[in-house]
Structures are given as C-alpha cells and as structure tokens.
Ligand SMILES: C[S@@+](CC[C@H](N)C(=O)[O-])C[C@H]1O[C@@H](n2cnc3c(N)ncnc32)[C@H](O)[C@@H]1O
C-alpha cells in the first residue's frame, strides 16, 4: 500500500488529466513531472496513463526539505521510492533542481508527450520550468501547471501571473487550451 502523509492534491484533478491525456493511454509515452514529493501524482500517472511497458516518467525533485507548504514531513524521498517501487522500471528519478536538469534534457534532445509543472511555486520558477518544459514537448503534446491561485509567503509572487504570461507568449493551440481546478493546460500545435 502506498504511504502518503500530505494532503491529496491529485484526486481533484484526475477528471481533467484523463481528458488532457486521453490520447496517450496504452501507448509508449514519455512524461515529465517537475515536483514529485512523495509520488502521489506520479503513481496516478503511472497507473492511468503510462501503463505501456515502454513508457517512462521523469520525476524531477531535489527532495531537499523545503516543500512549498513550508513543512517537510519525515523521509519524503524514501516514501517516494517505496510508493513508486511497483513501477520502478518505468520511472527515471532525477534528484535535482529543475533549473539544472531540464536544460540538460533539452541538450540531450529528449522529446516528451506531456509535462506536469508542480515544483517550486514562485512565479519566476514556474515561468522557468514551463519554458524549459515547453521546449521538451513534442508537437501535439500538452503541458499543465498547478496552483494558479496559490498564495505563498509574504514577498513571493504566486504561479498565477506566470501562467497568465505563458498564456500570452506560448504559441499554443487556443482551441485546446483549458483552465480547470486551478490548473492551466497548454497544447503545443501539431506541425
Ligand atoms: C506541491 S509538491 C509536488 C506534489 C506532487 N506533484 C503531488 O501532486 O503529489 C512540490 C514539490 O516540488 C519540489 N521542488 C521544489 N523546488 C523544486 C525545483 N527547483 N525543482 C524540482 N522540484 C522542486 C518540492 O521538493 C516538492 O516535492
């Protein structure tokens, strides 16, 4: 049985994720998750989208002890490891800051089918992660970001303005754009 000590930030999104990721089920798919914490959303993606044995989920997190909630509950990385253990051969665990690892994946010419941006929740960081993820995304792929309305500690800028900026500047498919349950989803136009 998986062990989760944080609130469930996954269940309220799964109806939307099923819609956004419907085309990817039963196919060899590559996904990127920025911010994996104890693996609750990772497990959902692995069970419901990346079910093909050829699929891979890149889970990027420093597991460095500063969750955006300000609390770090026990051995978070250890819980991630044991929660994703049944799917270990479909997970590429990258223990690092997204800012250092995403540019390397771009240099390696990785192409991915979807990205979930749920890492550091400050506007500048959300923008950086999203721009890097967008470069990794194949045409037709989708990128979704969490916590539009989240308000951080005093003096920090929340993800909302970053998402508004992305809506203005990303060359996305406006027909498929979605904003639901505090998450924005952008589809890269097909070539
Ligand atoms: C909201 S939690 C992720 C929750 C998870 N996606 C879920 O729904 O179960 C945010 C995570 O982002 C991670 N994080 C913070 N800064 C990061 C960075 N620069 N790169 C990648 N992850 C980061 C934190 O360690 C934390 O685990």
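The values are calculated or read from the model by the stated rules, or taken from the named source; none is laboratory data. This is a predicted model, so every value here is computed, not measured. Every residue, glycine among them, receives a Cβ derived from its backbone with ideal geometry; neighbour counts consider all protein chains shown.
A few points about this structure:
- Within the stretch 160-174, not a single residue is within 16 Å of the ligand (Cβ to nearest atom), without any contact (Cβ under 8 Å) to a residue 60 or more places away in the chain, out of contact with any helix residue (DSSP H, G or I) (no Cβ under 7 Å at 6 or more places or on another chain) and in a loop (DSSP other than H, G, I, E, B).
- Residue identified as within 12 Å of the chain's Cα centre (by Cα) and either within 17 Å of residue 145 (Cα to Cα) or in contact (Cβ under 8 Å) with a residue 12 or more places away in the chain (or both) among 35, 74, 54: 35
- Residue-level analysis places residue 93 among those that are farther than 23 Å from residue 150 by Cβ, touching a strand residue (DSSP E or B) at 6+ places or on another chain (Cβ under 6 Å) and at pLDDT 95 or above.
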